[in-house]
Structures are given as structure tokens and as C-alpha cells.
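Q: Dropping a structure here in C-alpha cells format, bear with me for questions.
The values are calculated or read from the model by the stated rules, or taken from the named source; none is laboratory data. This one's a predicted model, so the numbers in the text were calculated from it and none came from an experiment. Cβ atoms come from the backbone with ideal geometry, glycine included; neighbour counts cover every protein chain shown.
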Amino acid sequence: MITEEKKEEKSLNFIEEIIEADLQAGKYKEIITRFPPEPNGYLHIGHASSICLNFGLTKKFPGYTNLRFDDTNPTTEDTEYVESIKNDIRWMGFEWENELYASDYFDTLYGYAIQLIHKGLAYVDDSSSEEIATLKGTPSEPGRNSPFRDRSVEENRLLFEQMKNGTFPDGSRTLRAKIDMAHTNMLMRDPILYRIKHAHHHRTGNNWCIYPMYDFAHGQSDSIETVTHSICTLEFVPHRELYDWLIEQLGIYPSHQYEFARRNLNYTVTSKRKLLQLVQEKHVNGWDDPRMPTISGLRRRGYTPASIRDFCDRIGVARRENMIDVGLLEFCVREDLNKTSLRRMAVLDPLKVVITNFPEELSETCLSENNPEDIAAGMREILFTREIFIEREDFMEVPSKKYFRLAPGKMVRLKGAYIIQAESVVKDENGEITEVHCTYVENSKSGQDTTGINVKGTLHWVSAKHGVPVEVRLYDRLFSVENVASEEGDFKDYINPDSLNIITGYAEPALRDAKPGESFQFLRKGYFAADPDGSTEKPVFNRTVTLRDNWAKAAEK
RNA sequence: UGGCUGAUGGUGUAAUGGUAACACAGGACAUUUUGGUUGUCUCGUUCAAGGUUCGAGUCCUUGUCGGCCAACCA
């Protein structure tokens, strides 16, 4: 038997297993999932995981996925967020079946509330929020009944109607489910279903002054949409009991809730509250600042949809607490960009090199591949001149052992051009090296080298005559500690002060035509994406990620 | 003092009572006109103690440790 390679099928995650079992049991012919963001902020890498899960499920199994905005809290929500969320999901490469809003169901939800009142399962409570909290008890002590718990159905109906009609001020009354104030699950101790908020809603305007709480909107919306598998994160586990209770009492379509563990990334915060704070207090330049873990930030940073999807796929789905190394995300984008991005040369920290035996006026055409991973990307022309820039770190007057870049008397190859040898250095009054004088080796031109000389180092370079200045934004992680949430004190104390370093470098002229969003590999330096702030006169590039750098690792030791 | 939930290399995820695997990270070598890429090799793991079983990461018991739950947020 020579070939027995049945492609190892990737094992299913626990949610896929549930779905497969449901499908096989004939419980459903197709499945319906939903991605339910609240439009109160921008989507981040954590949402990406949920998006890939929910949309991925209905790519793998028959069915579809809805986009539903969980817009039940008018004071925090805005259409700006709605638009950005839609844009980000599409950019990620997913399309929803229906665009829906919890606010579209306000009438239905109101009807559901009336039903509960008639069944004697809901009552209007006049208690203040403090009183409600006091009577709630604690996880280990039972709560006590509200004095308003035993109002008649008729009285409740009337009061709830008045709540709806705007008779009462904010906070003066709530509608509560009548369940059990001694329940071991705190959420079952007569949860609030409706609260009064005289606030403008981004979609329903001033039509309503009462708004349903999450627990009275989410499961009901799932049910209205006949969502089969309602997937959320672990902190909603205690809500499931209430989710099921409401569906049962209302006698509506039984959607089911399944929970997975939120993905945590080290050196990163993904709390919307904290991200909002970073934006509002201008620690970053907006939601799409390339240091932000938002989808829009990652996009501007140069991350590709494929790399983010690959990342989500690799980290998987489970129910245990986790802390994922942000290095994996970087690996994913390197892997993607390595295959697709065009190579260009840019010197970020220039040191002038004069090739003393090269003619002053000559601009010699050299060829270099656009992408060694993709022959079809072809070659491009670059101009070689007597004066060029190399990276300052690529020259050492007194080289350390194993350093095989440029040093006095040493030879290196200039990528796509000639082999040069360093002869002497020019220094300023501070002893700082300002120029390196070299000679080039005749007949050593790239592709036509007949010298037989073997050099270990190959450097990137830019012609001093033809190079164009570019602004380069070097990003580093936004936080200097691995687990920001577990640190004492204010999370902002752990912001990395060096998360952004703006420099001016010299790049080959082709980079002037980079379109915003386009990604390049700057040879030996990393992947860089053109930023919309740039122009033909002054291109701007964001460093997505550095290349792997074994030399830097070795040099550290 | 309660309820819910979880525990597999440094990290993440598999193994569905039958050889603990895959990826990332780390290390070594080879290849390379990017100290990139690629290839080969290497490193190291079932929370603990009992029990059931021919056989336990998986089942049972007890314990230990972690996470979540007392917003008119979602």
C-alpha cells in the first residue's frame, strides 16, 4: 500500500459537534446563527473571533447568519457605530443574510411583556435602584420580595401602559419578571425587564421612553428570527436559565444559547469601555489608530482579512480561560504578506555610502525581483548611483563576532547591484560616522557576477540621488505588560510610551505611487502599509510587523 | 456560607475508554543575493489523591486551584 493519505480532517470544535449532532438527529434542516453587536463602539479582534465563528458555521453547515444590532440602550448607541460595524464585517469577508435590529422588535417585545403581566409573571416595581439592590440579597444570601410584587394584573397592566406613555420620570419604575427572590441564580431574582429612559434612540427616535433590558430582548430577538444556535461568551452562562425561562413562559420559538470562552490577547485590551477611553482621552488617534486592536485599526496597520481569519481559525473555540500570544497574530500576517506583498527597498535610518570608483554622473539600471515567492510578480528596475544610503545598523566600524554586514575591509552585496568593500569612514566633530567610503567590485553585478566572490551579507540600499523621503510610522505594542487586566491600578498606567515612533526614511521612487492600504515588504525591515495620510509628495507608511529577525535575537545574547 | 463553570507542553487547540497529536514560541543544522522564506531535526504535557477497568487525559469519588454571578449595561 503506497498511498493511504486520507487528508486528516480537522476535528470539530465543541459547537460544531453540537450542530452536527443536531443536524444528524434531524432536529434542524438548516441552522441559523447571528452576530449581535451593540452599536456602541468599534469592532475589535475579539469580535473577529465571534464573526468567524458565527459566519463560519453557516459556511460549513447549511443555513445562514444574520447581523443583528442589539440596540436596546439608546444612551450609548449611535449610527456611526452601525456603519463601521457593517463595513468591518464586509471587510473581513463575510456577508449577512438579514440586517436586523432589536429595536425593530420593540412593539413585539412590548406585547410579550403584556403577556407576562397577564400570566401574573411580571409586575411593575416602584422601588428605587438602591432598594432593588438591597432586596436582591447576595450570592450566598436569598433576596426578599419587593413590597410591590403582589400588585394585581390590572394594576400592573395600567402602570406599565403609563410607563410606556411617558407618565413617569426615568428611574421611577421598572417592569420585573416575577420568578423567585431566593433563587440561587441571582439573575432569576425577579430580573428587570423594562426601564424608563426618556432618551433619543438612533433608530426609533422619541417613539419610546421605555426600553427592554438585554435579557428581555436578546433571547426574544433570537426567537423571532428562529435562530437555532445563539452563540455568546462565557459570562452569559448564568443568563441562559433566564433565556430559557422567558422563551418557555412566552411559548415562542425555542432558540438555544451556547457559550464559548472569550479570546484574550496578551499586551492588549479589548474592553470596549477601555478602548473608548483610549480614544476619548486621545491616548491614540481614533478608533482606527494602527495601535488599536479594533478591526479598523488592524486594517490601517496593514493586517489582511485572510490573516485575521487564519488567526481566528488557529486559536479555535473552547470553554476554558485563555491568554493568546499576540505573536501568533503577527505570525499569521507575516505568512500571508510574505506570499503576496511586493518587495521594495527603503532605508529607515540612513547612512551615506560613497562608491569612490563609481562614475559621478552615472545612474545604472539594476533589476530586482518584486516577490521571490511569486515569479509572476516580475522584476523591477532600480537605479544605482555613486552615492547611496544604507541602514546605519548595517555598518560597524569595529564589528562584533558573527557580524557579516559592512565593516572596514569587509565586502557585502548590495541587493540587486554590486559587491562593495568598505575602505574608510568620515566622521563629524562628535566622532559620529557621517559617510562610509567604499569601492565596488567590477563584474560583480547581480545576475552577471563573474568574480566568484562569495559574500555573506546582502544589504538593502537606496540611491541618494533618486530616493524619495517617506514618513514611516513604527508601531510597537500599546501596552507594556502581558495581562493588562490583572495589573493593579489604572490600566492607562501601563501604556507603552514608545508605542509610536515617527521617522523619515528614504525609499525607492516606485513607493511614491503606493495606494492607501497597499502592503509592501521593505526588504529586511518588515511589512509596511501605505497610510491614507500620505500623498505622492510625502508618502506615509505604517509598519505592520517586523520580519522575523534571528540576528537581533542572537545579538541580544 | 451559595450557584454556575473550567483545569492537557511556555501559549492555543486536538485525542469521543486503546501509541497523548497539530500549530505558535524556544533551540540546532541545511538552503538562501532578505540574518526573510523554505526544509530537516529538537525541546517539552494530562491539577492532586484514590477508585472502576485488561487498559483512564477521557468514567466515578474526594480534594486543590482558576473564572463568572449581587448594572434600571450588553
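Q: I'd like the residue in the stretch A:377-388 that is β-branched (Val, Ile, Thr) and in a strand (DSSP E or B) and, out of all such residues, is farthest from the chain's Cα centre (by Cα).
A: Initial filter on the stretch A:377-388 (β-branched (Val, Ile, Thr)): A:382, A:385, A:388.
From what's left, in a strand (DSSP E or B): A:382, A:388.
Values: A:Ile382: 36, A:Ile388: 39 Å.
Looking at the filtered set, the residue picked out is A:Ile388.
Q: Mind listing just one residue for me: the one in the stretch A:502-516 that is touching a residue at least 40 places away in the same chain (Cβ under 8 Å) and of a type in the set (A, V, I, L, M) and, of those, surrounded by the fewest Cβ atoms within 10 Å (Cβ to Cβ)?
A: So the residue we want is A:Ile503.
Q: Right, something else. Among the residues that make up the stretch A:514-532, is at least one of them under 21 Å from the mean Cα position of the chain (by Cα) and of a type in the set (Asp, Glu)?
A: yes
Q: Turning to a different aspect of this structure: Scan the stretch A:464-501 residue by residue and report those that are surrounded by fewer than 15 Cβ atoms within 10 Å (Cβ to Cβ) and not in a loop (DSSP other than H, G, I, E, B).
A: The answer is A:Pro469, A:Ala485, A:Ser486, A:Lys492, A:Asp493, A:Asn501.
Q: When residues of the stretch A:377-398 are filtered for being buried (at least 17 other Cβ atoms within 10 Å of the Cβ) and within 15 Å of RNA strand B (Cβ to nearest atom), how many remain? Steps first, answer last, please.
A: Let us first name the residues in the stretch A:377-398 that are buried (at least 17 other Cβ atoms within 10 Å of the Cβ), namely A:382-386, A:388-391, A:394-395.
From what's left, within 15 Å of RNA strand B (Cβ to nearest atom): A:382, A:384, A:388, A:390-391, A:394-395.
Total satisfying the criteria: 7.
Q: Here's a follow-up. Report the residue count in the stretch A:36-65 for those that are in a loop (DSSP other than H, G, I, E, B) and not polar (S, T, N, Q).
A: Filtering the stretch A:36-65 down to residues in a loop (DSSP other than H, G, I, E, B) leaves A:36-43, A:61-62.
Filter once more, so that each one left must be not polar (S, T, N, Q): A:36-39, A:41-43, A:61-62.
The qualifying residues number 9.
Q: Conditions first: (1) among the acidic types (Asp, Glu); (2) within 30 Å of A:Ser140 (Cβ to Cβ); (3) more than 6 Å from RNA strand B (Cβ to nearest atom); (4) in contact with a strand residue (DSSP E or B) (Cβ under 9 Å, 6 or more places away or on another chain). A:Glu225 passes all but one, so which condition is the exception?
A: Only one criterion is unmet by A:Glu225, namely (2).
Q: Now for a separate question. Residues of the stretch A:511-557 being part of a loop (DSSP other than H, G, I, E, B), within 16 Å of RNA strand B (Cβ to nearest atom) and more than 19 Å from A:Ser307 (Cα to Cα), which ones?
A: First, the residues of the stretch A:511-557 that are part of a loop (DSSP other than H, G, I, E, B): A:514-518, A:523-525, A:531-539, A:546-549, A:557.
With the extra rule that they be within 16 Å of RNA strand B (Cβ to nearest atom), the set shrinks to A:523-525, A:546-549, A:557.
Across the stretch A:511-557, the qualifying residues are A:Leu523, A:Arg524, A:Lys525, A:Asp549, A:Lys557.
Q: If you don't mind, there's one more thing I want to ask. Output yes when any residue across the stretch A:363-375 is polar (S, T, N, Q) and not assigned by TED's automatic domain parsing to the domain that holds A:Ser446, and no when none is.
A: Step one: filter the stretch A:363-375 for residues polar (S, T, N, Q), giving A:363, A:365, A:368, A:370-371.
If we keep only those that are not assigned by TED's automatic domain parsing to the domain that holds A:Ser446 as well, we get none.
Within the stretch A:363-375 (the criterion being polar (S, T, N, Q) and not assigned by TED's automatic domain parsing to the domain that holds A:Ser446), the answer is no, since none of the residues qualifies.
Q: For the stretch A:273-376, list the helices (runs of 4 or more DSSP H) that sit wholly inside it and hold at least 2 residues that are of a type in the set (Lys, Arg) and either within 21 Å of A:Ile495 (Cβ to Cβ) or within 13 Å of RNA strand B (Cβ to nearest atom) (or both); which are they? Lay out the reasoning, then the answer.
A: On the way: elements: A:295-301, A:305-315, A:326-340.
In the stretch A:273-376, A:295-301, A:326-340 are the helices (runs of 4 or more DSSP H) which contain 2 or more residues that are of a type in the set (Lys, Arg) and either within 21 Å of A:Ile495 (Cβ to Cβ) or within 13 Å of RNA strand B (Cβ to nearest atom) (or both).
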